[in-house]
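Working notes, beginning with the structure itself.
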Amino acid sequence: MFEQIKDDIEKRMGSTLASAKSEMSGIRAGRASPSMLDSIKVDVYGQKMNVNQIGNITTPDARTINVDVWDQANIPIVEKALRESDLGINPIIDGNLIRLPLPQLTEERRVEYLKMAAKISENSKVAIRNVRRDGIEKVKKLEKEKEIGQDDAKKFQDVIEQISSNKINEIEGIFNSKEDDLKKI
């Protein structure tokens, strides 16, 4: 019974961690990267899609991202989504190609990116703590229903605490790495 709870907790915390990594990679540090556009959704064909699902994303140089949109009709929609994103990029349209010249990273933009990274980190930690709380409540419920003993309940809660501590440490590591990248440039 506890293995199911543990697997569920690890799966949910793992997806939170993956989401945090993905969002952090979208924050620009040094070079242009296609992953910077991962968080941008475009409303096409009646659904929200990632930019990489409606065009090829390339980085011809360190400060430019190109989006080669497959369907000409989607170009204005993609351009609008890129312009309204929090990346602070002004798209340039050239046929089916949308060029995204990345501006030089100013000190205030760096601070803004650090705040974004801190917010992502904090939201991820809160999500992990919520999963931990759910797991502990399930263990307490099993103990209350006399399906497990008090010693096992304590042991299982300690395991849940350890898993959540490890995931929170991973998130802090990702944040610290992004913070170092942003301060180093």
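Just so it is clear, none of the values below were taken in a lab; they were calculated from the coordinates. Here the structure is a predicted model, which means the values were calculated and not measured. Heads up, the Cβs are rebuilt from the backbone with ideal geometry, glycines too, and the neighbour counts pull from every protein chain shown.
Here are some notes:
- Straight-distance crosslink candidates among aspartates and glutamates, where the alpha carbon sits under 15 Å from Lys167 and sequence neighbours closer than 8 are dropped: Asp7, Asp8, Glu10, Glu122, Asp158
- Against the main long axis of the alpha-carbon atoms of the chain, helix 2-25 sits at an angle near 20°.
- In this simple spin-label model, placing a label point 7 Å from the Cα along the Cα-to-Cβ direction at both Glu179 and Glu145 gives a separation of 4.2 nm.
- Using alpha-carbon coordinates, inclination of helix 75-84 to the longest axis of the chain, degrees: 60 degrees
- Convex hull volume of the C-alpha atoms in the stretch 31-101, normalised per residue: 75 Å³.
- Percent RCO, i.e. relative contact order, over the chain, from Cα pairs under 8 Å lying at least 6 residues apart: 25 percent
- Amide H to amide H distances under 5 Å link Thr64 with Ala32, Leu102, where only residues 5 or more positions off or on other chains count and H is placed in the peptide plane.
- Placing a label point 7 Å from the Cα of Asp43 along the Cα-to-Cβ line, the residues of the stretch 78-99 whose backbone N sits under 17 Å from it are 78-86.
- Principal-axis tilt of helix 150-184 within the chain, Cα atoms, nearest 10 degrees: 20 degrees
- Count of lysine pairs in the stretch 1-132 with Cα separation under 17 Å (8 or more residues apart, or interchain): 8
- Labels on offer are (1) -0.38, -0.89, -1.08; (2) -0.55, -1.04, -1.18; (3) -0.53, -0.91, -1.10, and the one holding log10 I(q)/I(0) by the Debye sum over Cα atoms at q = 0.08, 0.15, 0.18 Å⁻¹ computed from this structure is (1).
- Segments 112-119, 57-64 sorted - mean Cβ within 10 Å per residue, highest first: 112-119, 57-64
- Inter-probe distance in nm under a simple model that places probes 7 Å from Cα toward Cβ, at Arg83 and Arg63: 2.3 nm
- Highest-first packing order for the peptide set 154-164, 126-136 is 126-136, 154-164, based on the mean count of other beta carbon atoms within 10 Å.
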